[in-house]
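Each value in this text was obtained by applying a stated rule to the coordinates, not by laboratory testing. Small disclaimer: the values here were computed from a predicted structure and weren't measured. Please note: Cβ atoms are built from the backbone with ideal geometry, for glycine as well, and neighbour counts cover all protein chains shown.
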Amino acid sequence: MSIKNKSYGHFDDANYEYVITSPFTPTPWINYLGNDGFHGLISNTAGGYCFYRDPKFRRLTRYRYNNVPVDTGGRYYYLKTDDDMWSASGRPVETELDSFECRHGMGYSRFLSRKGGISSELTCFVPLGETAEVHKLTVTNEGTSSKELSLFSYLEWCLWNAEDDGANFQRNLSTGEVEVEGSTLFHKTEYRERRNHYSFFHVNQSITGYDTDRESFLGPYRGVHKPLAVTNGQSTNSVAHGWSPIASHHINMKLAPGETRELMFVLGYVEVAPAEKWESKGIINKQPAQALIAKFDTTEKVNSALDELHTYWHTLLNKCHVSTPDDRFNRALNIWNQYQNMVTFNLSRSASFYESGIGRGMGFRDSNQDTIGFAHMVPEKVRERILDLSATQKADGSAYHQYQPLTKKGNSAIGGNFNDDPMWMVFSTCNYIKETGDFSILDEQVPFDNDDTTKAPHFEHLKRAFDHVINNLGPHKLPLIGRADWNDCLNLNCFSTDPNESFQTTQRGKSDIAESLMIAGQFVAYGQEFIALCKQLNKDELAADCQLHVDAMIQAVNEHGWDGDWFLRAYNALGDKVGSHENEEGKIFIESQGFCVMAGIGLDDGKAAKALRSVEKHLATEHGVMLQQPAYSEYDKYLGEISSYPPGYKENAGIFCHNNPWIVIAEAMLGNGDKSYDYFTRITPSFLQDIQDLRKSEPYVYSQMVAGRDAATPGQAKNSWLTGTAAWCYYAASHYILGIQPDYDGLSLSPCLPKSWPEVKIHREYRGAQYDITLSNPKGLSTGIYKLTVDGEVQIGNTINFERFNASHKVELTLEKA
């Protein structure tokens, strides 16, 4: 299928923004607001919703997923004159604007529109540390005569529990309650009983009218694209009693030529102590809301909060700043990749355009991996997250696959037995300590399964994670896979023939035969990390014992996991090979090639190089590396969900971007700088601006999946934003291409550069020190023998010793010879 590509936007690096020039992008192109408990999703036409901490249980506003028309529900501002009506954000009104721009920035989105001589600028953001969205709306008369117009705001309240809100109509259509006081519209559904929180929508000036009942505002059988109240130019002052509560302000204004009106809207959430819930009988205590409103009731206060947000993000992003000969690489690492890392760390896989926020909590595997792209930015949050995850670990070293963000307790509906989960915490903890030097995290007393009677040092949790693998080995002394490993859709113990069953929560039998080569590689890689940590702690006896188990795993991989040209993927519950040349389909998989090579298996005997040549031959495409080949053409109950997808999509031979960086790292470990960089560019958005129509998803952030060679539209992307691809790509680029590797004693430099790069400059903050690093490559090498100087002093080895160099320093690493 041929797709003619057009451009819908471009990067504005100077302002750290992506500029979208059309309201009609191939899919809604979203941004995220908030960073400390209160979050919002906002599309390029202001669609989306916001929530406090948990998008399932504390959702403030409604959004309709997979709806027609797409992207329905949001923060809408309607402008109406006698002649016309339009949206300040380009939609949902269908009127074509004279001009339109959406600028997605770091924690804010700005919408600029113009129609009939009236221009507007809408800026939406969540101020630091606050539980509110602030919308600054500026309206200007650019004409030569006075203009009279009406402004209508609009949002629809969610009745808190987003899953119940869309299902339990026999109750919900009777429970909605609101209050109106001046220019503030309060939503207090269920506050009369078990809730101690409410939300509100406020504007900082007197209003002409309001509506709080959806049908009164929209009109019967009408949609948000043409509300009756806007068409009539008059609100109804409706007060919702059940049905569907909304919040809409109506403001009439008259603008002289050149006159500008600025309005500050606050969409907020507050909690009230149980003894202080009521101002009087049936009237909510509004003091917390009024205090929050007072922080943003003037243009000066809002501008100041926006400036603080800009400063916050610029400070964070500049903790690691690179300058290479490729601006696309710089843009990715300096701005958008780090920004996506923060968003993904905050939300895991819970709420996006593809994740509805009601089905998944914070993933154990996901969240541990997300920390590796984030530890240098806000390490204290990484520390807290690791300990939260540790508390969901079970006493046998296994873990709940997810936990709920409100309670921080394991999600029993999903359970555990995803046998790759435990070792990810070893990886995240070691990475955190290398970044920060904070060994005290290991002494923190952490319960198992959130049971305070079972507290043990976090180090004990890591040991039990290690032990869980060696206590769960199969017939070939390889790790048992359990329900699944990293590939949630390789369900070797499910055997499902019932379409109403979940592949990932259904397990039959003892699951004591199916084994995973991916977990084997992971165990060797992070087992070695655990051993190195033990040595740092002078636990030499434990380190020696662990080394025996790692060596035994390497032997098992070499004896039972090598297929001649690549590493096997698994053994199924029948004991048959998966990912072998003996298979008719699914002969070779990416995961075991990446992880076994990253673990160092086969580096000394040629297996690693051979496996990567097989990846290039069988799996690599112009859009990235496919998960496996050939695609499965039929469903196989002994493989599970992977074979349920049509060929070329998701785990069935799609390009699962999350594991592509493993091949980037593997090639760098072999010294193949050009090949490593080439693979990196195939999936990184800043390199793909000329195929925006084909990819469909946001061209500024990574997607989880790109359609593979067998799909109808190879190169089409889905599941953007919340993906481990972001953290892994940053880790691969910073740690292996640039070679900036935190270690226990300091910052090590081991780059594997494209040969065409003569020089790279890096500013890196590390444990409070400031390093200005120059990587010099005068002979056009990728890697080789290095010469390291710090402040002109030649160093032995390639590590900047932190004990000696912990202030501001000039660092130069020269690649002298291959």
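Which three numbers, in whole Å and largest first, are the semi-axes of the equivalent ellipsoid of the stretch 672-818 derived from its Cα gyration tensor as √(5λ)? Write out the running numbers ahead of the final one.
On the way: eigenvalues 245, 60, 26 Å².
Sorted largest first and rounded, they come to 35, 17, 11 Å.
Calculate log10 I(q)/I(0) of the stretch 189-272 for q = 0.13, 0.15, 0.17 Å⁻¹, where I(q) comes from the Debye formula with a single equal point scatterer on each Cα and nothing for solvent. Debye intensities relative to I(0), on a log10 scale: -0.54, -0.69, -0.84.
Kindly state, as a whole number, the per residue volume in cubic angstrom of the convex hull around the alpha carbon atoms of the stretch 536-640. Present the calculation step by step, with values, prior to reporting the outcome.
Details: hull volume 15.5 nm³, N = 105.
Measuring per residue, one finds 148 Å³ for the Cα hull of the stretch 536-640.
Taking a temperature of 10 °C and a viscosity of 1.306 mPa s, what whole-number D in µm²/s does Stokes-Einstein yield for the stretch 34-314 with Rh from Kirkwood over alpha carbon pairs? Walk me through the numbers on the way to the answer.
Working: Rh = 19.0 Å.
Once the numbers are plugged in, D ends up at 84 µm²/s.
For Lys718, the aspartates and glutamates whose Cα comes closer than 13 Å to its Cα, not counting residues fewer than 8 places off in the same chain, are Glu355, Glu651, Asp693, Glu698. Full extension of the chain segment joining Thr497 with Gln290 gains 68.9 nm, where the gain is 0.36 nm per residue of separation less the Cα-Cα distance.
Listed here are the pairs Lys409/Lys650; Lys510/Lys637; Lys610/Lys650; Lys463/Lys539; which of them are more than 21 Å apart at the Cα? Working shown, then result.
On the way: Lys409/Lys650 29 Å; Lys510/Lys637 16 Å; Lys610/Lys650 26 Å; Lys463/Lys539 12 Å.
Distance filter (> 21 Å) returns Lys409/Lys650; Lys610/Lys650.
For the stretch 662-671, putting each phi into the Karplus relation 6.51 cos²θ - 1.76 cosθ + 1.60 with θ = phi - 60° gives couplings of 4, 6, 4, 5, 4, 5, 5, 4, 8, x Hz, in residue order, rounded to whole numbers and with x for Gly and Pro. Mean projected area of the Cα convex hull of the stretch 1-142, taken over all directions, amounts to 10.4 nm². Convex hull volume per residue, computed on the Cα atoms of the stretch 1-70, equals 132 Å³. The fewest-to-most ranking of Arg569, Arg110 by surrounding Cβ atoms within 10 Å reads Arg110, Arg569.
Rg over Rh for the stretch 740-817 works out to 0.95, both radii taken from alpha-carbon positions and Rh defined as the Kirkwood radius.
Neighbour counts of other Cβ atoms within 10 Å put Asp213, Asp485, Asp388 in the fewest-to-most order Asp388, Asp213, Asp485. Near the amide H of Gly176, within less than 5 Å, lie the amide hydrogens of Gly242, Trp243, all on another chain or at least 5 residues away, with H placed in the peptide plane.
Express as a percent, rounded to the nearest 5, the fraction of DSSP beta bridges in the chain (both residues included) that run antiparallel.
Details: 141 of 149 bridges.
Bridges in the chain are about 95 percent antiparallel.
Under 14 Å of direct C-alpha separation, and excluding same-chain neighbours fewer than eight residues apart, Lys761 reaches these aspartates and glutamates: Asp326, Asp327, Asp772, Glu812. Pairs spanning more than 21 Å between alpha-carbon atoms, out of Lys434/Lys817; Lys381/Lys408; Lys80/Lys254; Lys787/Lys810: Lys434/Lys817.
Treating cross-link reach as a plain straight distance, find the aspartates and glutamates whose alpha-carbon is under 18 Å from the alpha-carbon of Lys277, omitting any fewer than eight places away in the same chain. Within the straight-line cut-off, Lys277 pairs with Glu177, Glu179, Glu181, Glu190, Glu193. 3J(HN,Hα) along the stretch 275-291: 6, 10, 5, 10, 7, 7, 4, x, 10, 5, 6, 8, 4, x, 5, 5, 5 Hz, from the Karplus curve 6.51 cos²θ - 1.76 cosθ + 1.60 with θ = phi - 60°, whole Hz, x for Gly and Pro. Taking a ≥ b ≥ c as the square roots of the eigenvalues of the Cα gyration tensor, an a/c ratio below 1.5 marks the stretch 361-472 as rounded. Remark on the stretch 507-590: hydrodynamic radius 14.2 angstrom, per the Kirkwood mean of 1/r across alpha carbon pairs. Annotation: amide H of Leu747 within the under-5 Å range of Ile800, Phe802, sequence separation 5 or more or interchain, hydrogens built in the peptide plane. Separation of the stretch 760-774 from the stretch 40-60 is 37 Å, based on Cα centroids.
Would you mind ranking Glu276, Glu181, Glu515 by Cβ crowding within 10 Å, fewest neighbours first?
Details: Glu276 11, Glu181 14, Glu515 30.
In increasing order of surrounding Cβ atoms, one gets Glu276, Glu181, Glu515.
Distances between placed amide hydrogens fall under 5 Å for Arg349 paired with Gly363, all partners being 5 or more residues away or on another chain. Length available on full extension from Lys455 to Phe439: 0.36 nm per residue minus the Cα-Cα distance, which gives 3.9 nm.
Multiply the residue gap between His581 and Asp772 by 0.36 nm, knock off their C-alpha separation, and tell me the result in nm, one decimal place. Mind dumping the intermediate values first?
Working: separation 191, 0.36 × 191 = 68.76 nm, distance 4.90 nm.
Roughly 63.9 nm would be gained on extension.
For the chain, the longest principal axis of the C-alpha atoms and the axis of helix 337-347 are separated by about 80°. Taking only the Cα atoms of the stretch 163-317, the ratio Rg/Rh comes out at 1.02, with Rh defined as the Kirkwood radius. Counting Cα-Cα pairs of the chain in 10 Å increments starting at 0 gives whole-percent bin shares of 2, 13, 22, 24, 19, 12, 6, 1, 0.
Give the Kirkwood hydrodynamic radius (Å, one decimal) of the stretch 422-499, defined as one over the mean of 1/r across all pairs of different Cα atoms. Walk me through the numbers before you get to the answer.
Numbers: mean 1/r = 0.0672 Å⁻¹.
Hydrodynamic radius (Kirkwood, Cα pairs) of the stretch 422-499 is 14.9 Å.
Near Val134: Cβ cut-off under 15 Å, other residues only, Lys/Arg at +1 and Asp/Glu at -1. The net charge is -4.
Starting with the highest mean, order 37-46, 717-726, 809-818, 325-334 by the number of other Cβ atoms within 10 Å, averaged over the residues of each peptide. Walk me through the numbers on the way to the answer.
Values: 37-46: 24.9, 717-726: 26.4, 809-818: 16.3, 325-334: 18.9.
For the peptides 37-46, 717-726, 809-818, 325-334, the packing ranking is 717-726, 37-46, 325-334, 809-818.
Along the stretch 113-123 the Karplus relation, 6.51 cos²θ - 1.76 cosθ + 1.60 evaluated at θ = phi - 60°, assigns HN-Hα couplings of 9, 8, 8, x, x, 10, 10, 9, 9, 10, 10 Hz to successive residues, with x for each Gly and Pro. Note on the stretch 95-247: the C-alpha convex hull projects to 11.2 nm² when averaged across all orientations.
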